[in-house]
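Structure first, then comments.
The values are calculated or read from the model by the stated rules, or taken from the named source; none is laboratory data. If you're wondering where the values come from, they're calculated on a predicted model, not measured in any experiment. With ideal geometry, Cβ positions are generated from the backbone for all residues, glycine too; neighbour counts draw on all protein chains shown. The accessibility values were calculated without ligands, DNA or RNA, using every heavy atom of the protein model including side chains. Shrake-Rupley method; radii C 1.70, N 1.55, O 1.52, S 1.80 Å.
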Amino acid sequence: MSFKHVIEMYDLMDSAYVTGDDLKRYFEQRGFRDVEMSTVHGQKGKTDFVKVLIKGKNGKSSGGTAPTLGVIGRLGGIGARPEQIGFVSDGDGALACMAAAAKLAEMQQRGDVLAGDILLTTHICPDAPTLPHDPVPFMNSPVDMQIMNANEVAAEMDAILSIDTTKGNMILNHTGYAITPTVKEGYILRISNDLLEVMKQTSGNMPVTLPITVQDITPYGNNLHHINSIMQPCVVTDSPVVGIALTTQVPVAGCATGATHLMHVEQVVRFVIEVAKLFGVGKCAFYDEAEFARLTSLYGSMKHLLTLDGKVSGS
C-alpha cells in the first residue's frame, strides 16, 4: 500500500510556501538523490518543475534495453492563492505522481528494483491563477503549455501515463479514476486491454474509461474546447500517451479546495506502480503495434492534428 506516501506528499504540498526544493529535500532526506528541480518564470508567475528518475536494473539510463515509462503529474497549480486558501483539486495530478515516485524510490531501497527506468515529472506552484471555463472554472498556470510540455515530456519516455484531475465536466459521472484511450501520433486508438486488466486488479472493480475527442488531443491555444490538459503530452511525442483522470460524480472546479480524495489518489498510485512493473518486462502494451502500422498504411499520418495550424513542418 502507498497511503503513507500519499499522506506525506499531501502534507508537504498543502502549504503556501512549498517549493520544488522541498520535494527534492524530501527524497534526499530518505537517501534518494536522482531528483532534479528547476524554476521557470512565465507571464503569470513562476513554478518549479520536478523530475524523479527511478533507475531500473535493465534501464536505459544504465545502458540497458528495458523500455522507460514516463509518468506526468498534469496540472495548472497545486494552489490558487490568494484567491483560494489551501490545496486545490487540480493538484491531485502532482500529488499522485510524486507519491508514486516516493513509493517507487522506497521499493528500490528495499530491494524491489523494476526492470526499466521510470521517469516521473510534474510542477509545483502554490499560487497559480484561475481561468473561466464551462461548466466550472479551470486552474490556469503561470507558464504556457509549450513550456510545460518541454519540461515534463522527455525523449526517454517510451510510453506516458498522464495523471490529471478531471472533475470539472459532465462527461464522466464517477467518483474515483478512469483511463483514456491510447493516443499516438494524432490517432485516438482503442483502449489497452492490458491497462484495463491492471485497473481491475488494483481497484477490485470493473474498469472505468474516459471518452476523449479529437479536440482534446489538439494543442492548447487553438481556441477549441478541451476537456482539460490531460492529453497535451501527446502533441510533442510519438510515444503512446494514456490519461489517468481523477474523477467525481458531479462537476467540481479545479480551483476548489477540500476536494482531494486521498483514497482515490492512492488507487492511482497503485495503478501506476503495477503498470510500471509490467511495462519494463514487456507485459503491458499501450497499443497494438501491428494494428497501428496497418492503420497508418491505410489512412496516413494524423500528425497535423498535433499542430496549432493543422500543418506539419515541411509540408
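In the set (1) in a strand (DSSP E or B); (2) of a type outside the set (Phe, Trp, Tyr); (3) at pLDDT below 95, Ser141 fails one condition alone, (1).
Yes/no matrix, rows are residues, columns are (1) under 19 Å from the mean Cα position of the chain (by Cα); (2) under 20 Å from Ile163 (Cβ atoms):
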site: Asp11; (1), (2): no, yes
site: Arg30; (1), (2): no, no
site: Asn58; (1), (2): no, no
site: Ala66; (1), (2): no, no
site: Arg81; (1), (2): no, no
site: Asp92; (1), (2): yes, yes
site: Leu104; (1), (2): yes, yes
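Being outside any loop (DSSP other than H, G, I, E, B), in contact with an Asp or Glu (Cβ under 6 Å, 6 or more places away or on another chain) and either of a type in the set (A, V, I, L, M, F, W, C) or free of Cβ contacts under 8 Å to residues at least 24 places away in the same chain (or both) is a property that holds for Leu246.
Pick out the one residue from Thr247, Thr260 that is among the polar types (S, T, N, Q) and open to solvent by less than 10 Å² (accessible area, probe 1.4 Å).
Every option except Thr247 fails the conditions.
Being surrounded by fewer than 21 Cβ atoms within 10 Å (Cβ to Cβ), closer than 22 Å to Leu75 by Cβ and within 19 Å of the chain's Cα centre (by Cα): is that true of His225 here? Here the answer is no, as His225 does not meet what is asked.
Within region 196-209, being over 9 Å from Phe271 (Cα atoms) and part of a helix (DSSP H, G or I) holds for Leu196, Glu197, Lys200. Looking for something surrounded by fewer than 22 Cβ atoms within 10 Å (Cβ to Cβ), at pLDDT below 95, of a type in the set (Val, Ile, Thr) and on the phi < 0 side of the Ramachandran plot - is there at least one such residue anywhere in region 99-116? Within region 99-116 (the criterion being surrounded by fewer than 22 Cβ atoms within 10 Å (Cβ to Cβ), at pLDDT below 95, of a type in the set (Val, Ile, Thr) and on the phi < 0 side of the Ramachandran plot), the answer is no, since none of the residues qualifies. The sole residue among Thr47, Thr19 that is buried (at least 19 other Cβ atoms within 10 Å of the Cβ) and at pLDDT 95 or above is Thr47.
Table: residues versus (1) open to solvent by 20 Å² or more (accessible area, probe 1.4 Å); (2) touching a helix residue (DSSP H, G or I) at 6+ places or on another chain (Cβ under 7 Å); (3) in a loop (DSSP other than H, G, I, E, B); (4) at pLDDT 95 or above.
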position	(1), (2), (3), (4)
Pro251	yes, no, yes, no
Gly254	no, yes, yes, no
His264	yes, no, no, yes
Val269	no, yes, no, yes
Val272	no, yes, no, yes
Glu291	yes, no, no, yes
Leu308	yes, no, yes, no
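Here is the figure for region 127-138: residues that are within 24 Å of Met13 (Cα to Cα), crowded, with 17+ Cβ neighbours inside 10 Å and modelled with pLDDT under 80 total 3.
Applying the criterion of being touching a helix residue (DSSP H, G or I) at 6+ places or on another chain (Cβ under 7 Å) and not charged (D, E, K, R) to the residues of region 159-174, the residue that is surrounded by the most Cβ atoms within 10 Å (Cβ to Cβ) is Thr165. Would it be correct to say that Leu12 is open to solvent by less than 40 Å² (accessible area, probe 1.4 Å) and either assigned to a helix (DSSP H, G or I) or at pLDDT 95 or above (or both)? Answer is no for this residue.
Annotation: Ala80 fulfils all but one of (1) under 24 Å from Arg270 (Cα atoms); (2) in contact with an Asp or Glu (Cβ under 9 Å, 6 or more places away or on another chain); the unmet one is (1).
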